[in-house]
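> Supplied in structure tokens, the structure appears directly below.
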Amino acid sequence: MKIRRIAAILLACTLLTAAGCGNKQEESSGTASTPATTAGTQQTASETEPAEPATEAVSAVHNPLTGETGYNQDAVGKRPIAVMVNNVKPSLPQYGIAAADIIYEIPVEGGITRLMAVYADYTNLPDICSVRSCRYYYPILAYGMDAIYCHWGCDQTIAKDTLERLGIDRMDGGGIANKVIFFRDPDRVGKYNTEHTGYLKGDAVPDAIDQFGFRTDTTAEDAFRFLDPEKPEKPDGESCETVNAAFSDQYFSTFTYDASSETYLKQHSGKPHMDQKADKQLAFTNVILLQTDIHTRPDGYLMDVALKGGTGYYISLGEAQEIKWTKDAEDQPIRLFDQSGKELSVNAGKSYIGLIGTNRPITIS
């Protein structure tokens with residue numbers, strides 16, 4: 001960690017000096033607003049070679065999703081982006097997800113899980129693949145973070161109703177946002193099923209947000225209470241070298257502590273969970289597992305996920321602490337508390353948040 005801190009300080013100094021010098025039941029719904037330009041113009045713009053990005057100015061303000069310093073000045077006070085990502089085994093490997101500041105994993109129908117990757121800085125997004133459809137609990141989580149929500153279709157029942165009821169700012173690859181920021185990866189077409197080929201073009205997002213007229217400023221609170229990045233602390237709990245969250249018998253996430261990087265390396269159902277283009281395994285400073293009631297809805301297919309609160313674990317620096325959690329309203333973020341009811345402070349860094357049924361095992365060793 002000391003090496004990373006020194007590297008971060010040197011990078012910040014360098015940049016400041018430079019700145020001084022010069023599937024089933026899915027719909028294709030539209031987005032909340034109509035873009036200012038035509039689809040044809042947007043398609044042409046998307047095919048234009050992107051300009052060389054300017055050097056970022058580094059802010060003294062920390063990243064609101066990670067608590068880390070060295071945040072892009074242009075992103076300070078701006079809304080995050082939340083992107084639905086396919087996590088079914090035939091769609092692997094994904095790409096663009098290693099850059100996410102927070103990743104949520106929650107069960108969907110059939111025992112599989114789906115990810116929602118959240119990025120604090122929408123001005124510097126990677127391409128993200130494969131983008132997938134909405135289930136109603138994900139936009140509620142995004143709404144609590146004041147995030148702009150990106151997805152490719154949704155189920156036409158409760159998810160559609162939730163999106164419309166919340167009036168959430170969103171971009172849908174199955175609607176008029178198609179060919180604006182959503183495309184088919186030509187390297188995947190013909191090799192993967194079509195639903196696994198959709199990607200979000202990261203450098204097109206800022207212009208798309210302007211076209212759709214979405215609000216960009218936010219007064220949302222930090223995702224968590226963060227400890228000083230220079231003074232990390234171990235959770236008050238038991239030793240945790242490995243933790244396994246069994247979402248179902250076929251889909252489970254395992255995290256193994258790597259002392260050299262002070263992060264937990266993620267496995268997807270027994271294999272390293274990789275980002276294809278970054279060519280690295282997903283790694284998190286914080287692993288947060290939240291247990292709640294998850295059960296099949298009356299239709300016998302879609303899932304109900306209770307989001308009011310429950311119990312769980314906060315895992316970091318080789319230790320696991322039992323916690324409580326709440327989400328007091330749809331427009332409020334998840335909050336974490338210790339067993340005495342005091343709000344928890346977590347270490348600065350990337351976080352994984354898994355919501356798992358109370359009837360499913362979490363194994364710590």
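The values are calculated or read from the model by the stated rules, or taken from the named source; none is laboratory data. Note that the coordinates shown come from a computational prediction; the quantities given were computed from them, not determined experimentally. Heads up, the Cβs are rebuilt from the backbone with ideal geometry, glycines too, and the neighbour counts pull from every protein chain shown. The protein model used for the area step is the full one, side chains on, heavy atoms only, and it has no ligands, DNA or RNA in it. Shrake-Rupley method; radii C 1.70, N 1.55, O 1.52, S 1.80 Å.
> For THR311 and VAL61, what is the calculated FRET efficiency with R₀ set at 35 Å and r taken between the beta-carbons, to the nearest 0.05?
Working: r = 33 Å, r/R0 = 0.94.
Once rounded, the FRET efficiency stands at 0.60.
> Residues with beta-carbon under 13 Å from that of THR113, excluding THR113: net charge, scoring Lys, Arg +1 and Asp, Glu -1? Present the calculation step by step, with values, prior to reporting the outcome.
Details: positive: LYS89, ARG114, ARG132, ARG135, LYS266, ARG360; negative: GLU105, GLU109, ASP249.
Local charge sum for THR113: +3.
> Does region 86-179 come out rounded, prolate or oblate by the C-alpha gyration tensor, with a ≥ b ≥ c the root eigenvalues, rounded set by a/c under 1.5 and, if not, prolate when a/b is larger than b/c and oblate if not? If you can, show how the numbers build up before the last one.
Values: a/c = 1.41, a/b = 1.11, b/c = 1.27.
Rounded shape, in that the Cα axes give a/c under 1.5.
> Around GLY310, with a cut-off of 15 angstrom between Cβ atoms, what is the net charge of the other residues, counting Lys and Arg +1 and Asp and Glu -1?
Values: positive: LYS308, LYS324, LYS327, ARG335, ARG360; negative: ASP293, ASP304, GLU322, ASP328, ASP338.
That works out to 0.
> Run a plain Debye calculation on region 293-351 (Cα atoms as equal point scatterers, no solvent) and give log10 I(q)/I(0) at q = 0.13, 0.15, 0.18, 0.25 Å⁻¹, rounded to two decimals, same order as the q list.
-0.45, -0.58, -0.75, -1.06
> Rounded, prolate or oblate: which fits region 181-287 when a ≥ b ≥ c are the square roots of the eigenvalues of the alpha-carbon gyration tensor, with rounded for a/c under 1.5 and prolate only if a/b beats b/c? Don't skip to the answer; put the middle values down first.
Values: a/c = 2.46, a/b = 1.27, b/c = 1.94.
Oblate.
> While we're here: What length, rounded to one decimal in nm, is gained on full extension from ARG360 through to SER345, with 0.36 nm per residue of separation minus their alpha-carbon distance?
Details: separation 15, 0.36 × 15 = 5.40 nm, distance 2.64 nm.
Fully extending the segment from ARG360 to SER345 adds 2.8 nm.
> Moving on. Classify region 134-179 as rounded, prolate or oblate from the Cα gyration tensor: take a ≥ b ≥ c as the square roots of its eigenvalues, call it rounded if a/c is under 1.5, otherwise prolate when a/b beats b/c and oblate if not. Kindly include the intermediate steps, with their values, before the conclusion.
Details: a/c = 1.93, a/b = 1.22, b/c = 1.58.
Oblate is the answer for region 134-179, as a/c is 1.5 or above yet b/c matches or exceeds a/b.
> Using the structure shown, list the pairs from LYS78/LYS191; LYS78/LYS266; LYS201/LYS350; LYS78/LYS201; LYS78/LYS231; LYS78/LYS179 with a Cα-Cα distance above 31 Å, or answer none. If you can, show how the numbers build up before the last one.
Values: LYS78/LYS191 37 Å; LYS78/LYS266 29 Å; LYS201/LYS350 22 Å; LYS78/LYS201 19 Å; LYS78/LYS231 27 Å; LYS78/LYS179 25 Å.
Too far apart for the 31 Å limit: LYS78/LYS191.
> Report the relative contact order of region 233-365, percent, no decimals, based on alpha-carbon pairs under 8 angstrom and at least 6 residues apart.
Values: 295 pairs, mean separation 40.3, N = 133.
This gives 30 percent for region 233-365.
> Another one. Quick one: putting +1 on the C-beta of Lys and Arg, -1 on the C-beta of Asp and Glu, what dipole do you get for region 319-363 around its Cα centre, in Debye to the nearest 20? Mind showing how you got there, number by number?
On the way: 6 positive and 7 negative charges, 28 e Å.
The dipole of region 319-363 has a size of about 140 debye.
> Order the following by accessible area, largest value first: TYR257, TYR149. Probe radius 1.4 Å; ligands, DNA and RNA are ignored.
On the way: TYR257 40, TYR149 0 Å².
Of TYR257, TYR149, the descending order of accessible area is TYR257, TYR149.
> Taking LYS160 as the anchor, which aspartates and glutamates have their alpha carbon closer than 12 Å to its alpha carbon, excluding any fewer than eight residues away along the same chain?
GLU26, GLU27, ASP172
> Further question: If R₀ is 30 angstrom, what is the calculated FRET efficiency for the pair ASP222 and THR296, using the beta carbon separation as r and rounding to 0.05?
Details: r = 35 Å, r/R0 = 1.16.
Efficiency at R0 = 30 Å is approximately 0.30.
> Lys and Arg at +1, Asp and Glu at -1: add these up for the other residues within a Cβ distance under 14 Å of ASP249 and post the number. The partial results should precede the final answer.
Working: positive: LYS89, ARG360; negative: none.
Local net charge: +2.
> Pop a pseudo-label 7 angstrom from the Cα along the beta-carbon direction at both ASP279 and LYS191 and give the gap in nm to one decimal.
A separation of 1.5 nm, rounded to one decimal place.
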